[in-house]
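The block underneath contains the structure these notes are about, expressed in structure tokens.
The values are calculated or read from the model by the stated rules, or taken from the named source; none is laboratory data. This one's a predicted model, so the numbers in the text were calculated from it and none came from an experiment. Note that we place each Cβ from the backbone using ideal geometry, even for glycine, and neighbour counts take in every protein chain shown.
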Amino acid sequence: MDIQTIKALLDACYQAKRIRELLPPLPEGVTPNYIHFLDIIETLQRQGVEVRVSDISDALRIPRPGVTRTVKEMERKGYLCKSASPRDGRVTCVSVTPAGERLSRRYNELYFERLAPILSDISPEDARCTIETIRRFYRVMCERRISVD
């Protein structure tokens, strides 16, 4: 890949980060991570998973300590609750409360239902290619950090 293409790819990543800032405003004290966590937890629960912190961490590809911290915040604010697994009391499961379901519905379902038709000119193939390219680029950058010193 030539230098100009690398720079253009980095610029596109910056724009992608800025897109997240264009999402609708969230209620006071709610971060975009909360919405993402709710979405992941609900998706896993629909698949029959008893959701643990490690499941969220694996799904989002982020370290467990950060997930644990966010889950605790969300629990304090009433969006999540933790309980012992009915199958194994040593395992703590995370589930969405009614307040979390309302928040999730408002921001995960309603917003994206309105956004989908606006993005209809982007093909699923183009979207998948973009997603895969960003993931590969991120993986390469993490694995091969280069110093200019």
Just one of Leu115, Leu110, Leu103 is of a type outside the set (S, T, N, Q), surrounded by 14 or more Cβ atoms within 10 Å (Cβ to Cβ) and under 15 Å from Pro24 (Cα atoms); which is it? Leu103
Does Arg69 fit the bill of being surrounded by 14 or more Cβ atoms within 10 Å (Cβ to Cβ), farther than 16 Å from Ser104 by Cα and not polar (S, T, N, Q)? no
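Conditions tested, residue by residue: (1) under 24 Å from Lys82 (Cβ atoms); (2) surrounded by fewer than 16 Cβ atoms within 10 Å (Cβ to Cβ); (3) more than 17 Å from the chain's Cα centre (by Cα); (4) at pLDDT 90 or above.
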site	(1), (2), (3), (4)
Leu9	no, yes, yes, yes
Ala12	no, yes, yes, yes
Ile19	no, yes, no, no
Leu26	yes, yes, no, no
Pro32	yes, yes, no, no
Ile41	yes, no, no, yes
Val53	yes, no, no, yes
